[in-house]
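Just below is one structure, and these are the notes that go with it.
The values are calculated or read from the model by the stated rules, or taken from the named source; none is laboratory data. It should be emphasised that the depicted structure is a prediction, and the values quoted were computed from it without experimental measurement. Note: ideal-geometry Cβ built from the backbone for every residue, glycine included; neighbour counts use all protein chains shown.
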Amino acid sequence: MKRNVSIVMAGVVAAVIMLGLAVARAQDEGPMSSVRFVVVRDTDGKPVRNAEVVLHPVSRKGKQAQGEMELKTDADGKASIDGIPYGPLRVQVLAPHFQTFGDDFEINKPQMELTVKLKHPNGQYSTYDNHPDDKKPQ
């Protein structure tokens with residue numbers, strides 16, 4: 001019986017220590033933000049459903065750090081996530097039939113909403129096509 005109580009007490013002590021470390025780690029990271037993404041078409045502002053929103057942490061020097069998170073937009077073109085640390089965040093948005101979007105944002109408020117406008121792909125430029133607006137070298 002004493003042995004069972006000792007094992008239970010050791011488990012409780014370990015859980016309290018782990019909880020304390022988790023709280024200390026969260027405090028070390030600084031303030032966190034809730035970020036909401038709204039993904040719409042550039043042409044008419046209609047929502048883009050099932051767009052993939054990829055979040056990459058970025059160091060203060062502008063280099064992409066390891067670890068990424070992926071979200072999917074709902075039928076209203078919205079996706080959200082809590083617990084994003086303040087600082088730079090690289091965002092990529094991918095959706096079929098649209099150009100890939102990519103940009104860096106500064107997360108600096110407890111709640112932020114970022115609107116992404118996706119464009120349809122442009123045609124490819126071909127040297128074989130006639131381009132009357134292009135200037136010829138002289």
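General remarks:
- Test: residue in the stretch 7-19 that is modelled with pLDDT of 50 or more, loosely packed, with under 14 Cβ neighbours inside 10 Å and assigned by TED's automatic domain parsing to the domain that holds E106: no
- The condition of being buried (at least 16 other Cβ atoms within 10 Å of the Cβ) and either touching a residue at least 24 places away in the same chain (Cβ under 8 Å) or among the basic types (K, R) (or both) holds for only one of Q64, Q92, that being Q92.
- Residue in the stretch 37-61 that is modelled with the lowest pLDDT, counting only those that are surrounded by fewer than 12 Cβ atoms within 10 Å (Cβ to Cβ) and within 17 Å of I84 (Cβ to Cβ): R60
- Applying the criterion of being β-branched (V, I, T) and closer than 21 Å to A75 by Cβ to the residues of the stretch 48-62, the residue that is farthest from the chain's Cα centre (by Cα) is V48.
- A count restricted to the stretch 67-79 and to residues that are in contact (Cβ under 8 Å) with a residue 12 or more places away in the chain and surrounded by fewer than 15 Cβ atoms within 10 Å (Cβ to Cβ) stands at 7.
- Pick from the stretch 68-91, criterion part of a strand (DSSP E or B) and acidic (D, E), ranking: farthest from V35 (Cα to Cα): E70
- Residue match in the stretch 92-99 (condition: assigned to a strand (DSSP E or B), under 19 Å from G45 (Cβ atoms) and in the same structural domain as E68 (by TED's automatic domain parsing)): yes
- Hey, K109 of a type outside the set (A, V, I, L, M, F, W, C), in contact (Cβ under 8 Å) with a residue 60 or more places away in the chain, assigned to a loop (DSSP other than H, G, I, E, B) and more than 15 Å from V40 (Cβ to Cβ) or not: yes
- From the options D104, D76, residue that is in the same structural domain as E52 (by TED's automatic domain parsing), modelled with pLDDT under 95, among the acidic types (D, E) and under 21 Å from R41 (Cα atoms): D104
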